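A.B. asks: Have a look at the structure that comes next, please.
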Amino acid sequence: MKEAQHDLIVIGAGPGGYVAAIRAAQLGLDVACVEKASELGGTCLRIGCIPSKALLEDSELYHEAATSYGQRGIKFSKVEVDLPSMMARKESVVQSLTSGIQSLFKKNKITHYTGEARIQEAGQVAVNGAKQSLTLKAPNIIIATGSQPGSLPGIEPDGEVIGSSTEALSYQKVPKHLVVIGAGYIGLELGSVWKRLGAQVTVLEYLDRILPGMDSELSRQAHKTFSQQGLEIHVGTRVTSAKKTDEGCRVECEGMDPVTCDRLLLAVGRKPSTANLGLEDIGIELENGRIPVNEHFATQVDGIYAIGDVVAGPMLAHKAEEEGIACAEWIARGGGHVNYDVIPGVVYTRPEIASVGQTEDQLKERAIPYRKGVAPYKGNGRAQTLGSVEGSVKMLAHGETDRLLGVHIIGARAGDLIAEAATAMSFGASSEDLALTCHAHPTLPEVIREAALATQGRAIHC
Ligand code: FAD
Ligand code: AMP
C-alpha cells in the first residue's frame, strides 16, 4: 500500500482540525489533513453554524417584512417565501466558505486526503477513501473528529419525518407542525427558523427551563419572549418515544398527552465522534464519551493529541479553533494556551442571547461576592432607531476587586456586543475600566457601558 510521511497528521477538517493544520503549517511543519466528507469545514461550515445562521437571517428578514415593515413606512403588496431560493442561498454561502478552506490549504501547502482515517498505532494512520487508500506516517497526530447529533432511546430517526439538525437545515417544504425535542440553542434556533416561515412549532424540554447552562434570569426572559413569538414550549416534559404514523409522527411524553406532528427534530445534544478511529486498539479510553487530554491536549498515548468537540468543554466552533491553534503551537514550539474562562456563547434567535464568563447562578453557588449592573436596551438611542428596544445587558463584577466576572446580554446583536465584554475580560478589566471608556453615540455598545456604570452605582440612563 502507498505510504506518505509528514510531520503532523490532523484527522478531521472542522474548525478545530483545519485551524490546527493551518497554524502548524505556518510554524513550518509538513502537515496532512484527512477528512472523510467531500468538503472541508466540518459540522460548522457544512451542517452547523453557517447554514443555520443563513436560514436564521433570511427567515427573520421574511418575518419582519411580513409583519413589521409596514410600521416603518415600507409597504409591499405581497411577501412570500421562496424556499428553494432560500436554500440555494444557504448552499452558496456554505460553498463559498468550504472552498475558501480549500484555498487556505493550498496557500499553506497542507496535503489534503479525502477518506476515513483510522489510527493503526502511534505515528501511523490508515486512510480509506473512495479514490485512494494509503498509510500516513508522522510523529504527531491530532484527532479533531468533532461530534454528531445525539439520539434518544425509543426514537429511530429515518432522515425524513424524524431527523436531526442536519435534516432540519434542508426541509424541502415548511412543516405544518414541527415538534422539537430539546430546548438548547440548536432546538431553539431551528424552531425559530421554521416558526417564522409558517410552521406551528412545539418544543419539548426535559429540564425545568430552556437553555440550560445560560444565566437563569436571561433564560426566563428568553422563554417569555419565545412564547410571545408563538413557540409552544413545554418544560419539565420528558419525551419517552416517538413512532411514525400515516400522518407523520406521534410523540409520547411523560405528564402530557401525546403530540402529533409531520416533522420531528431531535435536538437533544451532540455526541463526540470516536467510533472506528481505532482508539481502543491503541489504548485510548474514553471518559464520558470524550477523549481525555491534559492541558497540552495530549492523550494517554505519546504523540497523539485531541481537540474540539471530541474533548471536554463546550461544543462550540470558536472553542475548537482556540484549541486547534494552541495544540499546533504546543507541538511546533512547546507553547500554546486557551483561556477557558473567556469563551463566549451565543444563541442566534431574535433577540440574540450572548454570554461570557460566570453566570449569576454560579457566583451564588460558589459564594463569590459580586456587584451587578443591568442596563436595558430601551434607554439606548441606537436601539430605538433600529426598532429593537427589547433586552438588557447584565454585568457581574467582583464585589471587592471590581474585576469583570461575567457579562450576559439578551437583545439585538448581542452576539456582536459580547466581543467587547470578552476582550475586556481577557485583559482582566474591571467594570470601572468599561465605565471610563468613551463609546461612540448612538451605538448598541453604549448599553454595555451603561451596565458598567450601573455596576458602579452611577448609571445615567436608567
Ligand atoms: P467538526 O466540525 O464536527 O468536524 C469534525 C470533522 O471530522 C468532520 O468534518 C468529520 O467529517 C471529520 N471526521 C470524523 N471522523 C473522521 C475520520 N475517522 N476520518 C476523517 N474525518 C473524520 N458552534 C458555534 O460556535 N456557533 C454556532 O452558531 C453553532 N451553531 C451550530 C448549529 C448546528 C445546527 C450545529 C449542529 C452545530 C453548531 N455549532 C455551533 C457547533 C459547532 O458546529 C461545533 O462545535 C464545531 O463544528 C466543532 O468543531 P470540530 O472541529 O471539533 O468538529
Ligand atoms: P443541548 O445539549 O444544549 O443541545 O440541549 C439538548 C436539550 O435536550 C437539553 O436541554 C436536554 O435536557 C434536552 N433533552 C434531552 N433528552 C430529552 C428528552 N427525553 N425529552 C425532552 N428533552 C430532552
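A.B. asks: What do you reckon, is Lys224 free of Cβ contacts under 8 Å to residues at least 12 places away in the same chain and in a strand (DSSP E or B)?
C.D. replies: Spelling it out, it is not the case that Lys224 is free of Cβ contacts under 8 Å to residues at least 12 places away in the same chain and in a strand (DSSP E or B).
A.B. asks: Output the number of the condition that Lys131 fails; it satisfies all remaining conditions of (1) assigned to a loop (DSSP other than H, G, I, E, B); (2) more than 10 Å from ligand 1 (Cβ to nearest atom); (3) surrounded by 15 or more Cβ atoms within 10 Å (Cβ to Cβ).
C.D. replies: For Lys131, the exception is condition (3).
A.B. asks: Out of the stretch 393-427, which residues are touching a Lys or Arg at 6+ places or on another chain (Cβ under 9 Å) and closer than 14 Å to Met214 by Cβ?
C.D. replies: Of everything in the stretch 393-427, those that are touching a Lys or Arg at 6+ places or on another chain (Cβ under 9 Å) and closer than 14 Å to Met214 by Cβ turn out to be Lys394, Leu396, Gly406, Val407, His408, Ile409, Ile410.
A.B. asks: Taking the stretch 140-150 as the region of interest, how many residues are part of a loop (DSSP other than H, G, I, E, B) and either in contact with a helix residue (DSSP H, G or I) (Cβ under 9 Å, 6 or more places away or on another chain) or modelled with pLDDT under 95 (or both)?
C.D. replies: Total satisfying the criteria: 3.
A.B. asks: Within the stretch 262-274, can one find any residue that is more than 14 Å from ligand 2 (Cβ to nearest atom), over 24 Å from the mean Cα position of the chain (by Cα) and either surrounded by 15 or more Cβ atoms within 10 Å (Cβ to Cβ) or in contact (Cβ under 8 Å) with a residue 12 or more places away in the chain (or both)?
C.D. replies: There is at least one residue in the stretch 262-274 that is more than 14 Å from ligand 2 (Cβ to nearest atom), over 24 Å from the mean Cα position of the chain (by Cα) and either surrounded by 15 or more Cβ atoms within 10 Å (Cβ to Cβ) or in contact (Cβ under 8 Å) with a residue 12 or more places away in the chain (or both).
A.B. asks: Could you tell me whether Ala459 is surrounded by fewer than 22 Cβ atoms within 10 Å (Cβ to Cβ) and under 22 Å from the mean Cα position of the chain (by Cα)?
C.D. replies: Taking the combined requirement at face value, the residue does not satisfy it.
A.B. asks: Also, I was wondering about something else. What pairs can you find where one residue is in the stretch 288-316 and among the basic types (Lys, Arg), the other is at pLDDT 95 or above, and their Cβ atoms are less than 7 Å apart, with a gap of 6+ or different chains?
C.D. replies: Arg290/Pro272; Arg290/Val310; Arg290/Val311; Arg290/Ala312
Yes or no, residue by residue, for (1) of a type in the set (S, T, N, Q); (2) within 30 Å of Val34 (Cα to Cα); (3) more than 19 Å from the chain's Cα centre (by Cα):
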site	(1), (2), (3)
Ile162	no, no, yes
Ala168	no, yes, no
Gln172	yes, no, yes
Gly213	no, no, no
Thr225	yes, no, yes
Ala242	no, no, yes
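A.B. asks: Which one of Glu252, Glu295, Glu285 is assigned to a strand (DSSP E or B), surrounded by fewer than 21 Cβ atoms within 10 Å (Cβ to Cβ) and away from ligand 1 (no atom under 14 Å from the Cβ)?
C.D. replies: Glu252
A.B. asks: Cβ-Cβ distance below 6 Å, separation of 6 or more or different chains: which pairs start in the stretch 163-183 with a residue that is small (Gly, Ala, Ser) and end on one that is within 10 Å of ligand 2 (Cβ to nearest atom)?
C.D. replies: Every condition considered, the pairs that remain are Ser164/Pro149; Ser164/Leu266; Ser165/Ile186; Gly182/Ala267; Gly182/Val268; Ala183/Val203; Ala183/Glu205; Ala183/Ile210.
A.B. asks: A further question follows. May I ask you to list the residues in the stretch 99-128 that are assigned to a loop (DSSP other than H, G, I, E, B) and in contact with a Leu (Cβ under 7 Å, 6 or more places away or on another chain)?
C.D. replies: Of everything in the stretch 99-128, nothing turns out to be assigned to a loop (DSSP other than H, G, I, E, B) and in contact with a Leu (Cβ under 7 Å, 6 or more places away or on another chain).
The values are calculated or read from the model by the stated rules, or taken from the named source; none is laboratory data. Since the model is a prediction, treat every value here as computed from it, not as a measurement. Every residue, glycine among them, receives a Cβ derived from its backbone with ideal geometry; neighbour counts consider all protein chains shown.
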